[in-house]
Amino acid sequence: MAVVFLLGPGIWDHAKKAASDPIPMQTRRMIAKILRANRHKVILMEDDPDRKGEDLIQKFDRLLMEDVTDVIVYWPPLAKMQTTYDEFILLCDRQEFLKRELITIWVLHHVSVASIKRDEFKVLESGNRSRYLTAVVKLGVHPLEWENEDDLKEQVQLLSTELN
């Protein structure tokens, strides 16, 4: 059984897309449901209650250190990504911990948002943040691309069987 810290956006970027269903948070919950059906524990920051005096970075660290074996970052097109970019930076800052604990990072991204190769992380959406995310590839991320909802579900199911 894997312990998965599931990251990613919760809402659409209204500057890029009109509101529609399902919002990214609903899709993350669907991903969590598939993983849980395969007996994995899934941690979503939104579902874990805030603790008195704890800021979001402390909460991120507390959850990451709860025996996490894998981090999955869900990245759809046209979503509000700033918090997810921040999560990437937090992961980069914890590189030593991730390597010591053998935590694998999976980036489950739509083909239109990024190109991730062994030594390159290129953001394809407007507002190119590639320069800020080049350190992410040093984490040894495992990219998983998808094109449509059926493809996404298939990728999650395959990943679920591959996890510890």
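The values are calculated or read from the model by the stated rules, or taken from the named source; none is laboratory data. On a predicted model such as this, the values are computed, not experimentally measured, just so you know. Every residue, glycine as well, gets a Cβ built from its backbone with ideal geometry; the counts of neighbours run over all protein chains shown. Surface accessibility is based on the protein's heavy atoms, side chains included, excluding ligands, DNA and RNA. Shrake-Rupley method; radii C 1.70, N 1.55, O 1.52, S 1.80 Å.
Descriptive notes on the structure:
- Largest accessible area first, the listed residues D61, D67, D86 line up as D67, D86, D61 when surface is computed with a 1.4 Å probe on the assembled protein chains.
- Percent of beta bridges antiparallel (DSSP, the stretch 60-164, rounded to nearest 5): 25
- The simple spin-label model puts a point 7 Å past each Cα toward its Cβ; for N148 and I57 those points are separated by 4.3 nm.
- Compared with the alpha-carbon gap, the fully stretched path from E120 to F97 is longer by 6.1 nm at 0.36 nm per residue.
- By accessible area with a 1.4 Å probe, ligands and nucleic acids excluded, highest first: order of R28, R36, R62, R51: R51, R36, R62, R28
- Accessible-area composition of the chain, carbon plus sulfur, in percent [1.4 Å probe]: 50
- Centre separation in Å (Cα based) which lies between the stretch 144-160 and the stretch 28-79: 18
- Cβ-Cβ FRET estimate between K41 and Y85, R0 fixed at 22 Å, reported to 0.05: 0.30
- The chain: C-alpha gyration tensor shape, a/c 1.5 cut-off, then a/b vs b/c: rounded
- Helix-derived mean residue ellipticity, 222 nm - over the chain, DSSP H n ≥ 4, -39500 (n - 2.57), to 500: -10500 deg cm²/dmol
- Largest-first ordering by accessible area, 1.4 Å probe, given options L7, L144: L144, L7
- Separation of the I23 and V3 label points, Cα + 7 Å toward Cβ, nm: 2.9
- DSSP bridge orientation in the stretch 1-92 - percent antiparallel, rounded to nearest 5: 10
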